[in-house]
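Values quoted throughout were computed directly from the atomic coordinates according to the rules given, and no laboratory measurement underlies them. This is a predicted model, so every value here is computed, not measured. Note: ideal-geometry Cβ built from the backbone for every residue, glycine included; neighbour counts use all protein chains shown.
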Ligand SMILES: C[S@@+](CC[C@H](N)C(=O)[O-])C[C@H]1O[C@@H](n2cnc3c(N)ncnc32)[C@H](O)[C@@H]1O
């Protein structure tokens, strides 16, 4: 039997196993959709707080098992531009950091002195960047467990005071303007309920002439004439969003537009969906090892839900709905001519005007009929 058939069988078994387990989970905990719909009817500030709490507890519970099985990096691996390179999966994750930095033009000629890691996990990127380029850094996460572990690992690896990790919100960062040479966000943007505020904060804390790099799960760019994703695509993203505590998704083109609007210039973007295609099959295989399955069970419902939708990530990437997108740009300096800003803006999507989009399809319940607080629906696309 070829490898692909084996993987498909495994993915199907995980889905079947998932259906059974979801039945079990429904008995022991309120269904996530019901919980989220209740949230939708509450004021925006409460929704934001509830989302943040969900993200924090998700990573508090799941980071230990991830680290035991996969190590310090909590992001996709890079397997060559076409995704065909066979390599150790943890090495692929380190390669992802190096490749993204090289792609964005960060090099040892002018190394970043002060780095901010936004949504730092347990600090894998920060330590790798500090090891490669020297300098110092700060990482922020919503998870107290992650921040403590990131500090402990950095101390143990001899970084001393050079690296510090703390709990803080990326949408309201506790740093003065113009503080960092490199502002790095690896797979945290998908958790941000307000992408506009997210990008504006990244740019605000970046020094003029410094660089911002965002690597994020996105939905595909909308085609000319399209105003939303197809309903089946929205349903797919909706299931993933509920498992991973994601608010609405945006596209790579949306990130470029926001970057240009907020004062980045020489903005570049890339789609590395092919380059990461080996990642989720490898994660699923590792999760199915008996010892790891046991660890997954012990780490609680939220982690299990995350594991159960992993095949959907493969499906979404294969059908072209989910993109692994990169965006980078340099913060304009005072006096830079306006036409230094990237001249080609992609067509505007819903990020700035979410209320202008038709509502995402949802079951007809009284709570889902309420207007979306703050223009977004937690657990849905826009
Ligand atoms: C998938 S993990 C990625 C971790 C890390 N960047 C890495 O690649 O190893 C997502 C991270 O984003 C963080 N995050 C999500 N929303 C955040 C927010 N509003 N403010 C700060 N961190 C946030 C989570 O706490 C978590 O550390």
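Details
- Among 250, 206, 260, a tally of other beta-carbon atoms within 10 Å of each Cβ gives an order, fewest to most, of 260, 206, 250.
- Note on the range 108-167 and the range 276-323: Cα centroid distance 26 Å, given to the nearest whole angstrom.
- Shown for 217, 280: other C-beta atoms within 10 Å of each C-beta, ranked fewest to most, produce the order 280, 217.
- Going from the fewest other Cβ atoms within 10 Å to the most, the residues 66, 184 appear in the order 66, 184.
- Prolate/oblate/rounded call for the range 33-190, Cα gyration tensor, a/c under 1.5 rounded: prolate
- What the Cβ-Cβ distance of residue 108 and residue 226 gives, at R0 = 51 Å and to the nearest 0.05, is a FRET efficiency of 0.75.
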